[in-house]
């Protein structure tokens, strides 16, 4: 579905992505994780064609739809109209299939999207993307600003979508625990470069993931706390 090879993206003289390669095969769920500023959203925008790479290539197979960071609702329009906009390129736009996958949207379809909760808006954003009947669904920061219970519900919907429709998913996510739980394979991005890739079970808890998020901060088990005073301990906690 997605083949990214040696991708380089620059903002002026600043290099945002430096030789990044990534693949998502048909029916696969892949996570792209990394801390703030790692280049994740740059990757999403390049895949979507919003940014032009300086080098490398992005090759897409099949239909691709994006759930953007921050949901980006048309706030003054109803949920139903937001969903229909997602299927503007489809000749026979039918809400029934999306409402079967996301039944909670049925009771919200006449409400203005701007008056929904964050979790409800995220569900609309997913439903809007599904209206395009994608072979690959790219989701930028599923968990952003949402309560854990809401995130768990959305993650269950993604698993169901993948299982029942075979839709491939690229989950671009800062919350590494969520990403590894949902996706079987992952790629770790740090400072615009891929620092690790493999199965989620292999990468979970590894030193390379810890360093990507926390740099060279010492691990709790490596600290000698016996000689620390209260102020030192508070600084470590911070």
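Out of 75, 26, one residue alone is part of a loop (DSSP other than H, G, I, E, B), over 29 Å from residue 181 (Cβ atoms) and touching a strand residue (DSSP E or B) at 6+ places or on another chain (Cβ under 8 Å). It is 75.
Only one entry of 231, 202 meets the criterion of being at pLDDT 85 or above and more than 14 Å from the chain's Cα centre (by Cα), and that entry is 202.
Rundown of residues vs (1) in a loop (DSSP other than H, G, I, E, B); (2) surrounded by fewer than 20 Cβ atoms within 10 Å (Cβ to Cβ), yes/no style:
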| position | (1), (2) |
| --- | --- |
| 107 | no, yes |
| 114 | no, yes |
| 119 | no, yes |
| 127 | no, no |
| 143 | yes, no |
| 150 | no, yes |
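Look through 43, 29 and report the one residue that is under 21 Å from residue 133 (Cα atoms) and surrounded by 19 or more Cβ atoms within 10 Å (Cβ to Cβ).
Of 43, 29, the one residue that is under 21 Å from residue 133 (Cα atoms) and surrounded by 19 or more Cβ atoms within 10 Å (Cβ to Cβ) is 29.
Within the range 52-66, residues that are at positive phi and buried (at least 17 other Cβ atoms within 10 Å of the Cβ) have Cβ atoms under 6 Å from residues that are assigned to a strand (DSSP E or B) and at pLDDT 95 or above in these pairs: 56/5; 56/6; 56/7; 56/8, counting only partners at least 6 apart in sequence or on another chain.
The single condition among (1) in contact (Cβ under 8 Å) with a residue 12 or more places away in the chain; (2) out of contact with any helix residue (DSSP H, G or I) (no Cβ under 8 Å at 6 or more places or on another chain); (3) assigned to a helix (DSSP H, G or I); (4) within 27 Å of residue 38 (Cα to Cα) that residue 156 does not satisfy is (1).
Would you point out the residue of the range 195-208, among those that are touching a strand residue (DSSP E or B) at 6+ places or on another chain (Cβ under 6 Å) and under 21 Å from residue 142 (Cα atoms), that is surrounded by the fewest Cβ atoms within 10 Å (Cβ to Cβ)? Give the steps one after another, and end with the answer.
Of the range 195-208, the ones touching a strand residue (DSSP E or B) at 6+ places or on another chain (Cβ under 6 Å) are 195-197, 199-200, 203, 208.
Retained after the next criterion (residues that are under 21 Å from residue 142 (Cα atoms)): 197, 199-200, 203.
Working: 197: 17, 199: 12, 200: 19, 203: 21.
Among those residues, the one meeting the criterion is 199.
Out of curiosity, is residue 195 within 20 Å of residue 4 (Cα to Cα), without any contact (Cβ under 8 Å) to a residue 40 or more places away in the chain and touching a helix residue (DSSP H, G or I) at 6+ places or on another chain (Cβ under 6 Å)?
On the way: within 20 Å of residue 4 (Cα to Cα): yes; without any contact (Cβ under 8 Å) to a residue 40 or more places away in the chain: yes; touching a helix residue (DSSP H, G or I) at 6+ places or on another chain (Cβ under 6 Å): yes.
Judged against the criteria, residue 195 is a match.
Counting the residues of the range 88-105 that are loosely packed, with under 10 Cβ neighbours inside 10 Å and either in a loop (DSSP other than H, G, I, E, B) or modelled with pLDDT under 80 (or both) gives 3.
Among the candidates 27, 12, 87, 106, which residue alone is in contact with a helix residue (DSSP H, G or I) (Cβ under 9 Å, 6 or more places away or on another chain) and without any contact (Cβ under 8 Å) to a residue 40 or more places away in the chain?
Exactly one of 27, 12, 87, 106 is in contact with a helix residue (DSSP H, G or I) (Cβ under 9 Å, 6 or more places away or on another chain) and without any contact (Cβ under 8 Å) to a residue 40 or more places away in the chain, namely 106.
The values are calculated or read from the model by the stated rules, or taken from the named source; none is laboratory data. None of the values given here were measured: they were computed from a predicted structure. Neighbour counts run over all protein chains shown; Cβ positions are idealised from the backbone, glycine included.
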